[in-house]
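One structure below.
What follows draws every value from the coordinates through simple rules; no lab data is involved. Please read all numbers here as calculations on a predicted model, not as lab measurements. So basically every Cβ, Gly included, is an ideal-geometry build from the backbone, and we count neighbours across all protein chains shown.
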Amino acid sequence: MPKRVDHEERRARIAEALWRIACARGLDGASLRDVAAEAGISLGQLQHYFASKDEMLVFALEHISDLAARRVGERLGALGGEPSPRDVLLGSVREMLPLDDRSRTGHLVQIAYFVRAVHDERLRGHAKEGVPGLRAFFAGQVREGQLRGEVAGDRDPEAEAALLIALVDGLASYAVLDVWTAEEALGLVSGHLDRLFGVR
């Protein structure tokens with residue numbers, strides 16, 4: 001009887017192979033054949049799922065985002081009860097920083113994606129679709145903080161959300177370069193949230 005193929009598992013395995021290659025030597029030198037070999041499948045099997053490196057990269061980024069969202073949910077669930085808006089933001093931010101090998105690899109894939117997207121409008125469109133959703137989510141937490149009296153009423157939630165995303169992205173990039181540690185970056189973001197949620 002032929003073995004049943006778990007297509008989602010195979011797509012995830014391909015994405016993780018791409019991450020490992022991106023982390024070790026960047027994406028420019030990685031061909032579809034390289035990724036197939038790293039994933040332990042044939043080139044033909046890989047091309048059944050992805051016709052180009054860019055398709056594979058977009059999927060890898062979406063896979064990273066899905067895993068991060070799952071880890072945020074697990075982290076907040078472990079707190080018990082209903083987490084505060086500050087806790088939700090900090091839990092989300094932790095998954096955006098390179099605090100362990102997996103998140104560091106994910107960040108390196110994102111950097112490789114950004115470099116390619118600068119010159120590729122189709123890839124750039126993926127970022128344009130994803131970032132507004134994250135900004136809206138962060139802005140919603142700031143608004144909830146205002147309703148609770150934890151954030152000053154004159155703060156613009158949309159602006160604060162955009163600033164938080166920019167702060168985390170900048171800190172994460174420099175943490176990858178070892179300008180400071182990921183723990184130092186997390187401390188800086190935590191301090192920023194302390195000041196934002198400083199109204200009592």
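Brief remarks follow.
- Among R122, R102, R86: highest mean-square fluctuation, GNM of the chain, C-alpha pairs under 10 Å: R122
- Amide H partners (placed H, <5 Å) of I41, local residues excluded: none
- Residues F50, F138, arranged from fewest to most other Cβ atoms within 10 angstrom of their Cβ, appear as F50, F138.
- Residues I21, I14, I111 in ascending order of nearby Cβ atoms (within 10 Å, fewest first): I111, I21, I14.
- At least 30 Å along the helix axis (C-alpha) and Kyte average at least -1.0, DSSP helices within the chain: 53-79, 121-147
- Backbone N within the range 168-200 under 14 Å of label point (7 Å from C23 Cα along the Cβ vector): 176
- Net charge, L97 excluded, C-beta distance under 15 Å - Lys, Arg +1, Asp, Glu -1: -2
- Adding -39500 (n - 2.57) for every DSSP H run of four residues or longer, then dividing by how many residues the chain holds, sets the calculated 222 nm ellipticity at -25000 deg cm²/dmol.
- Which of S92, S84 has the fewest Cβ neighbours within 10 Å, and the rest in rising order: S84, S92
- Largest mean-square fluctuation among S65, S31, S103, in a Gaussian network model of the chain whose springs join Cα atoms under 10 Å apart, belongs to S31.
- Among L67, L147, L188: highest mean-square fluctuation, GNM of the chain, C-alpha pairs under 10 Å: L147
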